[in-house]
Every structure is written in structure tokens, then in C-alpha cells.
2 protein chains.
Amino acid sequence: MWRKLTGTEIRVQETKVVRDIERLPKRKRQQQLVKIIEENPFVTDQELTRMLKVSIQTIRLDRMELGIPELRERLKLMAERSYDQVRSLPLHEVIGDIVDLQLDRSGISIFEIREEHVFSRTHIARGHHLFAQANSLAVAVINDEIALTASADIRFVRSVKLGEKCIAKAYVRSISGSRSKAKVEVFSYVGEEMIFQGHFIIYRSASAINGSEGGDEHENRH
Amino acid sequence: MWRKLTGTEIRVQETKVVRDIERLPKRKRQQQLVKIIEENPFVTDQELTRMLKVSIQTIRLDRMELGIPELRERLKLMAERSYDQVRSLPLHEVIGDIVDLQLDRSGISIFEIREEHVFSRTHIARGHHLFAQANSLAVAVINDEIALTASADIRFVRSVKLGEKCIAKAYVRSISGSRSKAKVEVFSYVGEEMIFQGHFIIYRSASAINGSEGGDEHENRH
DNA sequence: CTACATTTAGTACCAGGTTCTAAACTGCGT
DNA sequence: ACGCAGTTTAGAACCTGGTACTAAATGTAG
């Protein structure tokens, strides 16, 4: 369909220019259509006819060619996406996927930096996400029903960019005699490079209920 | 519609008890209906007839009485909600509302602990949200186009619960000679009580591009 | 028995489409 | 001037998941 056009386009100029400016409207219209629907997915075909000054059939042919589903399908997809997000928010309770866990000893989690984790202009990951991964892991590695971060000393060694996979490794360094506190060290890497390190003091169940308690806790994983 | 019912309910007991256990099926069914739709908003009236073993008209009467909109309306509402959320996500870039800002001097932000910030079982705020508020503020108070957290030393003084409002106050303590680093102290309070404190080292634009750079930055706010 | 609530049935209608068939119009090559 | 392809428009039948309304059947308490 378009093969022919591009072929002729390249060859001659004077005659085909006319052809192109006559043909472009379809492409242009479809581009516009995509843009309109993108920035307002709630628009009906009816409304589109008014905006693009073509018949409703043309709108529908365009949607078909572009693979854009009908209004209701779009809404359903959006609803499902947001519903899934809400559902997977409990998964959001631990930031990063824990791939290895030896309670009271060590743990490893992986966290991929995605669009929502970076500063839009520079695509550099925001610090609190790296902290959150490390903090979650430090809390998870403690073998108690409740564990709360009491304090932390952290360092952002280098910035992490969109798409990079952070691998955090946590080591439990010491358990206090009364077992009320634990020291956990976390090192995060992208590849071989260390990008973050943190020293966490975690309060655990017995002492965590009263007294100076921190900002995080966790449930026993299996 | 319900006024009458509740009226008789309150008055007499022995006679109405019978009436109630005869009436309950309706109420019970409606409670079930609410629950079903709540945990699966994508269900059609047809599917509900099978689940509740009543006619589709009853389902629809129930929905009316309960003020539950039809499937398509539900999906539309969800889609709109998620769309608004996505739109207001850039607001999520700074955690907490900045209410006062004196660049290179001090700043104040307020952050209310909501459902999504707490651990579901205990309703205690997760540490990284408190950190995020403080970190955002520490970065915001620096008068530079780009600012990145290099390191932080933080302490969770006491746990914060659902519904509490955290007020974070940041003070720029020192600016290095070359202006490449700044020291920022942040103290967060619920009412009079301090709940968090942190010491941040922030790298600023000139030196931030190369060298050891942190995990956060910010754009100039007006 | 009667009055009232509850449930079910059925019809007409609607939005926002899909699917399919059939015309027009447009412009180009020959 | 003619045909042909790409494009646009029109129209009818049908679909889902409802609303709105009328009417009848069933229950049940007083």
C-alpha cells in the first residue's frame, strides 16, 4: 500500500508532490488520531468525527488500522491496569525481588530501575528508591515477626540510571545479646560496580513494641 | 425506603425477629453483592445472577438501592481515577507538600501518612517514606538546578502511625568552599514530638555531573 | 382476606460500538 | 475518455450491558 508511494516519492518531484499532499491527510489524520486518543482516552468515535472532520466510518477504519481498541475496551484496560497495580502494591511492600534469603545471615534482592523511579529529565534514579530496596532487604533478612528500622547510615556511591538492575546484598553483622537489635550491612551493585552502601540498625519484635522504634517492619516469609 | 424498615426494627423484638430473619436474605444478599463487586469490580449483572441465585432484575434493584453503578460506569470511574493518579504522579516527585522554602537556608514540608504508606497489619509508617520526605526536602532546599544526595545518616526516633502528619524541617548547615557539597539537617515531627532526624550530604550541579554522585536531584521550584 | 414487600418477567430503548456490503469520490496512468 | 486502486462514506444487522418502565407472581404479616 505504502511501498508504491515511497518508491515514487523518491524518484520524481514535481508530479508526485501533488500526490503526496493529497495523500498525506490520511497519515496525518491517523497521527492526530493517535495523539488525541493518547491524551484523552475517554473520547468517543462521535467526538472524533467532529475533531477530524471525517465520517465515523473513517474514524473506525483508522482505529482498526492503528490497532486502537474501542472506548470501552480502552477504559477496561485502564481499569485493569490500575486494579493490577493496586493488587500488586502489597508486593510493593518489599521493594525489589528477593532471590535469596538466609534468615539472620544474609539476603539478596534485585530491583530494576524503571520510568517511575527516575527523575524524568536526567533519568537518574531517585535516592529513596535505592534506600527502600536496601531497607526492605535489611528488614526482611531479620528472622522476626516484626522488625523496624531504628537508624541507618547510607552512602550513594554513584548514580543509577533508567533500566539498570540493582542487586542488593545484605549481611547480618551482629545480633545483640538481648536480641533486641541487629546490625545489617547492605551493599548494592550494578554489575560489578557498587552504587550504594548502608549500615542499618534494626529493632526486632520483643523490644520493638515499646521503646524507640523505627519506621519499617516485615512479616515472616514462608 | 430503609427508614420504614429501621423504624420497625428498633421498636418491637419478638414479632420482628421473625420478620428480620425472613428479611435478612435480602440484606445479606446485598451485603454479599457489595463484597463481590468490591473485590471484583469487573463482574457483570449476568455473572451476579449465577453467584447469588436470583434474577437479573433483583440484582439490578439491589444495585440501585445500594447506589452501585453499572459495570461500564465502574470501569470508567476506575479508569478516571487511575488517569488522574498518573497525571498527579509528577507531584509524587517531591514527597510531601513544601510549605516554606528559603533556598540555601531552610525549608518545611508536610506529609500525611496514608493507607499506602503503612504496613497493613500494624499501621506503622514504612521507613522509606519518612526518609523520602526528608530526602526530597533536603534536595529541594539546595539552590541549584541539579542536586543529588551523596550520603545520609538517619535515625527513626519513634514509629509513625496511619493518619499522622509529619512535618519535616530542613536546615542548610554548611556550604563547602567550592560550593560542591552542602550539609543539610532534617528533623521531622508529629506535633511536638521528633520522630526522625537525618544528616544529608548533598552534591550540587557543578560537581554533580562527574565524580561520586548520589541518588537524587531536583529542579528549581520558581 | 388483604395490604404490602419482594421477586421475577418482559418490553422498549440506549450508547458505543463490530461486521459486512455497497456505493461514491479522487486521482492517476494509459 | 476509461478503468482501476485507494480512500471515504453510507447503511443495515447485530452485540453487550445496561436503564426505564409496566405488570404479574409470590410471600408473609397482621
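The values are calculated or read from the model by the stated rules, or taken from the named source; none is laboratory data. On a predicted model such as this, the values are computed, not experimentally measured, just so you know. FYI the Cβ positions are ideal-geometry reconstructions off the backbone, even for glycines, and counts take in every protein chain you see. Just the protein is used for accessible areas: all its heavy atoms, side chains included, with ligands, DNA and RNA removed. Shrake-Rupley method; radii C 1.70, N 1.55, O 1.52, S 1.80 Å.
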Taking the rotation that carries A onto B, look along its axis and tell me which residue of A has the beta carbon nearest to it, distance in whole angstrom.
-> A:SER82, 1
Counting only protein heavy atoms and using a 1.4 Å probe, what share of the accessible area of segment B:91-208 belongs to carbon plus sulfur, as a whole percent?
-> 49
Put simply, what bits of segment B:103-122 lose 10 Å² or more of accessible area when the other protein chains are there, versus the chain on its own (1.4 Å probe)?
-> B:GLU116, B:PHE119, B:SER120, B:ARG121, B:THR122
Solvent-accessible area per residue for segment A:91-208 (1.4 angstrom probe, square angstrom) | 41
If amide H atoms are built 1.01 Å from N in the plane of the peptide, which residues on other chains or at least 5 residues away come under 5 Å of the amide H of A:ALA147?
-> A:HIS218
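Quick one: buried accessible area between B and A, total over both chains, 1.4 angstrom probe, nearest 100 Å²?
4500
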Long pairs among A:LYS26/A:LYS53; A:LYS161/B:LYS181; A:LYS26/A:LYS76; B:LYS26/B:LYS53, criterion Cα-Cα beyond 20 Å = A:LYS161/B:LYS181; A:LYS26/A:LYS76
Shortest first, in nm, what separates the label point of B:GLU80 from those of the same position in the other copies (7 Å along Cα→Cβ)?
-> 2.2
So, in nm and shortest first, the distances from B:LYS53 to its counterparts in the other copies, with label points 7 Å along Cα→Cβ, work out as 6.3
Where in segment B:29-43 does the amide nitrogen come within less than 20 Å of the point 7 Å from the Cα of B:GLN57, taken along Cα to Cβ?
-> B:29-30
Reach of A:LYS169 by Cα under 17 Å, taken over lysines that are not fewer than 8 positions away in the same chain | A:LYS183
Probe 1.4 Å - accessible area at A:SER151, Å² to nearest ten | 10
In nm, what does the list of distances from A:SER120 to its counterparts in the other copies look like, shortest first, when each label sits 7 Å along Cα to Cβ?
-> 3.1
Neighbour cut-off at most 12 other Cβ (10 Å), DSSP loop, trypsin sites (Lys or Arg not before Pro), segment A:115-172 = A:ARG121
Starting from the Cα of A:GLU193, step 7 Å along the direction of its Cβ; do the same at A:TYR171; then give the gap between the two resulting points in nm.
-> 2.3
